[in-house]
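Read the structure below first, then the notes.
The values are calculated or read from the model by the stated rules, or taken from the named source; none is laboratory data. For clarity, every value in this text was computed on a predicted model and none was experimentally measured. No Cβ is skipped: glycine too gets one built from the backbone with ideal geometry, and neighbour counts run over all protein chains shown. Areas reflect the complete protein model, heavy atoms only, side chains present, ligands, DNA and RNA absent. Shrake-Rupley method; radii C 1.70, N 1.55, O 1.52, S 1.80 Å.
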Amino acid sequence: MSVRTLAVVAAAVTAVLGPAMLAAQSPISYTAVTEQRLLNPEPNNWLMYRGNYAGWGYSPLDQITPANAKNLVPVWSFSTGVTEGHQAPPIVNNGVMFVTTPQQQVFALNARTGDLIWRYKKELPEDLLQLHPTNRGVALLGERVYVATVDAHLVALDARTGKVLWDTTVDDYKNGYYFTMAPLVAKNKVMIGTSGGELGIRGYVAGFDAETGKPAWKTHTIPGPGEPGHDTWSGDAWKTGGVSVWLTAHYDPQLNLSFWGTGNAAPWPGDMHAGDNLYSSSVIAIDVDTGKIRGHHQYHWNDSWDWDEVSTPLLIDFTKDGRTVKGLVHPGRNGYLWRLERQAGGIKFVDARPFVTQEVFTKIDPVTGRPTYDPERKPRAGASVTFCPGLWGGKDWPPAGYNPKTNYLYVPANENLCSTLVGQAAPYEAGKLFLGIDRPKTSMSQRQGATHIGELQAWDMATGKKAWAHTFQDGLWGPILTTGGGLVFMGGTNDRNFRAFDAKTGAKVWEYKTNSGVTGVPSSFAVDGVQYVAVQSGWGVDAQRMQARLDTFRNTKTEVPQGGVIWVFAVRN
Amino acid sequence: MTRQGWSPARRDVLRLALGAGLGFCAAGRVDAQDAGARRARPQPNDRFVFAGGLRKNELVTLADLPPDGPPAVTYPMDPATKIVRDESRLNQVLLVRLDPSRLNSDTRARAAEGIVGYSAVCTHTGCDAWDWQPAAGVVKCPCHFSEFDLKNGAQVLNGPAPRRLPALPLRIVDGVPVVGGVFIGRPGFETGGG
């Protein structure tokens, strides 16, 4: 009997026996997700966005290896029925998989068979603007599934049935606020950050009671009057200064701190919001109980390049000058690989080095990490300024991965791209684009003599040096999965391939051509002793935008088919 | 927060006046009628006002639409009640004046003195900002780079948009462009996943 059939039977029994029997006749076997399990996730599960609180994108499973990866085959696939950017990881709890898609769907599937258990689809407002039509996944706690929505709601679903348990309206989408991230769950709080930096919002992170959905705290990423850092903004620029929070935080339970990457200041040119603009383009440490900011490090001040530091630093301990550092490691959109130290009292700069060609920073202060800029490479009103890396930076949102066995950090980078911007001030209007540029004069270019753009880089955390790189002709938008079997999985290219690499050497050991471009976060899990690798294929959002820019200056036309499919692979015996 | 310093909107004044004279039930009905009028799609004979910028809510005249653009983003306005239909973003209309000889026959039939009207909301994911290419008579959405040929019924030339922008027939009345029909097609985009 299939899981779906079981569900139908259960529903019929419920109708006869009444709601009191619902739990006893529950349609699926489901294991509650406890805080303890989130702190120590079992190898066979993928319980959160990056698999663990440290944000590694690492599965300890080791059945699939460089030796047998050539035998990987699809076990099942599932069409999501929608187009646009499919970026969420398949999140798996003891054989039950949860996947989100654009247009605010959540699927619960039997992770072994691919049979549908339930589907949730939120009705979206007809006048919604979707600048980033995507969703990056669910969070789990107890028997609840949490999803943050593109129309600025936070919703809790019953993990067994998909029924809405509560639906909290967090903000007004008409003013440009929306959510794309998978929530972070810790200490009985569900935490999210807001998107909308291109629409002149004032960013924040907010925590909610995991049982009721009631707001617990809200912390703006732009300090208000009287708060420390408010004086780093000029005039009223703080009210519409952006500083979105796009991606799920990582969490250190010993310090009780969550670490959030923050977006650029708005509008783009820095002379339209003079000052350092805390806490834009930073990492901030937030106490999950209170929402208080306990520390920060600003990667670069007065952003002028649209260099959102959207990615969350990975919690990796490393050795520096003979001392073990409890680290935060961040391959930045600004093209530098940052190593910081996380402490109870704050965040301390350790070192930084470029991982792609970077022509804007002229030096980095060795003590504070504060960069000095070439003023001719800093966009401003009335001037045409070219800078490298371009506005998509050295690495955008696709998360890096860390494998404790190789001690390598894997970075999906883009090299050799530059942007040209002409600053042009325009008044703020709620819910409208607020970029501060002469848009038709925006362009992208490739560095002279460049032979490639995408680079999958491996950085040795023991030496701080690059171990290997695998290059790709066009842009790379591939989130990283790395495994105990010694592999790195990644898609991200316009040729629809999903690939496996030897984690130690960088050699490509397998590839499979999917339905569309793979910009989903891959995950790995096991059911009945068999290891699987799962990923969504569905091209869109910024990967599509970058491709359009490349086509414009190359005078080419690249067709990447759209439409989302969940793929699950295993080794054929 | 106190109300000190607030400038009550026109509808607030109307509600207060009606509340005093006619009772709150009547005021509620009028508010509902207002809201309905604000939500309604462009109606024949509606005028246009600027949707934003320094001239927000000012009447759009022929002088505001120079040959070859740039386009104006507008909302329709009921000429009798002066109610601007700005409750829904989907009511925004893009107006631009082109040389009538460059328009295809269907587009020319809907145009008034070369002025063409289209939904100002992209059929891809609902953006409503536009970059103008006067030589080509093309608007480009900066969000995901869809391009629409306004000379030819807003046909999609490039980008991810699945269909053209709905067209709005126009007329000229008292020297200003007015709505001459209803949207041909549904403004907005599909969220899919049926």
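Using a 7 Å offset from the Cα along the Cα-to-Cβ direction at both A:Ala462 and A:Asn68, what is the distance between the two label points in nm, to one decimal?
2.7 nm
Expected output is a single nm value to one decimal: the length gained when fully extending between A:Glu126 and A:Phe553, i.e. 0.36 nm times separation in residues minus the C-alpha distance. What is it?
Residue separation times 0.36 nm, minus the Cα-Cα distance, leaves 150.3 nm.
Quick one: helix A:541-554 against the long Cα principal axis of chain A, what's the angle to the nearest 10°, folded into 0 to 90?
50 degrees
Given bins 5 angstrom wide, list per bin the percent of all Cα-Cα distances in the range A:186-322, short to long.
The distribution over the range A:186-322 is 2, 12, 21, 22, 19, 12, 8, 4, 1, 0, given as percents.
What is the Rg over Rh value, at two decimals, for the range B:70-117, using alpha-carbon atoms and the Kirkwood definition of Rh? Don't skip to the answer; put the middle values down first.
Working: Rg = 12.8 Å, Rh = 12.0 Å.
In the range B:70-117, Rg relative to Rh is 1.07.
How fast does the range A:338-396 diffuse by Stokes-Einstein, in µm²/s, taking the Kirkwood radius from C-alpha pairs at 20 °C and 1.002 mPa s?
162 µm²/s
How many Å² of accessible area per residue for the protein assembly as shown, probe 1.4 Å?
Per-residue accessible area for the protein assembly as shown comes out at 36 Å².
What average count of beta carbons from other chains do you get within 10 Å of the Cβ of residues in A:430-437?
Going residue by residue through A:430-437 and averaging, the value is 3.
Relative to the longest principal Cα axis of chain A, at what angle does helix A:3-17 sit, 0 to 90 degrees, rounded to 10?
The angle comes out at about 70 degrees.
Could you give the length gained on full extension between A:Ala430 and A:Ala381, defined as 0.36 nm per residue of separation minus the Cα-Cα distance, in nm?
Computed gain between A:Ala430 and A:Ala381 is 15.5 nm.
Given a Förster distance of 35 Å, report the FRET efficiency between A:Arg323 and A:Ser77 from their Cβ-Cβ distance, rounded to the nearest 0.05.
The pair A:Arg323/A:Ser77 has a calculated efficiency of 0.15.
Ignoring everything but the protein chains, give the 1.4 Å probe accessible area of B:Trp132 in square angstrom, nearest 10.
B:Trp132 exposes around 40 Å² with every protein chain in place.
At 7 Å along the Cα-to-beta-carbon direction for both B:Gln133 and A:Ala274, put a label point, then send me their distance in nm to one decimal.
3.9 nm
In terms of solvent-accessible area of protein heavy atoms at a 1.4 angstrom probe, what is the ranking of A:Asp289, A:Asp236, B:Asp34, highest value first?
A:Asp236, A:Asp289, B:Asp34
To the nearest 0.05, what FRET efficiency results for A:Lys187 and A:Glu42 with a Förster distance of 22 Å applied to their C-beta separation? Before the final figure, lay out each step's value.
Numbers: r = 21 Å, r/R0 = 0.94.
Working from the Cβ atoms, E equals 0.60.
Hey, could you pull the Cα Rg and Dmax for the range A:347-474, both in Å?
17.3, 52
Averaged over its residues, how many other protein chain Cβ atoms are within 10 Å of peptide A:103-110's Cβ atoms?
Mean inter-chain Cβ contacts per residue within 10 Å come to 1.
If I take R0 = 35 Å and measure r between the Cβ atoms of A:Thr368 and A:Lys292 in this structure, what FRET efficiency does the formula 1/(1 + (r/R0)^6) give, to the nearest 0.05?
That gives a FRET efficiency of 0.95.
Would you mind pulling out the separation of the Cα centroids of the range A:500-573 and the range B:73-104, in Å?
Spelled out, the Cα-based centre of one part sits 43 Å from the other.
Is there a simple number for the mean count of other chain Cβ atoms within 10 Å of the Cβ of residues in B:78-91, and what is it? If you can, show how the numbers build up before the last one.
Values: counts 0, 0, 0, 0, 0, 0, 0, 0, 0, 1, 3, 8, 2, 1.
Average neighbour count from other chains, rounded to a whole number: 1.
Taking K and R as +1 and D and E as -1, what net charge do the other residues with C-beta under 11 Å from the C-beta of A:Gly197 add up to?
It works out to a net charge of -3.
Taking only the alpha-carbon atoms of the range A:299-384, what semi-axes of the equivalent ellipsoid follow from 5 times the gyration tensor eigenvalues under a square root, in whole Å, largest first?
Values: eigenvalues 143, 32, 25 Å².
Output for the range A:299-384: semi-axes of 27, 13, 11 Å.
Carbon-plus-sulfur fraction of the accessible area of the protein assembly as shown, 1.4 Å probe, in percent?
Heavy-atom surface of the protein assembly as shown belonging to carbon and sulfur, 1.4 Å probe: 52 percent.
Which three semi-axes in whole Å describe the equivalent ellipsoid of the range B:47-179, each the square root of 5 times a Cα gyration tensor eigenvalue, listed largest first?
In descending order, the three semi-axes are 22, 18, 12 Å.
Report the Rg/Rh value for the range A:427-548, based on alpha-carbon coordinates and the Kirkwood definition of Rh.
Rounded to two decimals, Rg over Rh is 1.07.
Compute and list, largest first, the equivalent-ellipsoid semi-axes of chain A from the alpha carbon gyration tensor, each √(5λ) rounded to a whole angstrom.
Here the semi-axes work out to 35, 27, 23 Å.
Given the DSSP H assignment, sum -39500 (n - 2.57) over each helix run of at least 4 residues in chain A and divide by its residue total; what's the result at 222 nm in deg cm²/dmol, nearest 500?
The per-residue figure over chain A is -2000 deg cm²/dmol.
Any chance you could get the radius of gyration and Dmax over the Cα atoms of the range A:384-427, in Å?
Using the Cα atoms of the range A:384-427, the pair Rg, Dmax is 15.7, 52 Å.
Quick one: grab Rg to one decimal and Dmax as a whole number for the range A:187-242, Cα atoms only, in Å.
Over the range A:187-242's Cα set, Rg and Dmax evaluate to 13.2, 40 Å.
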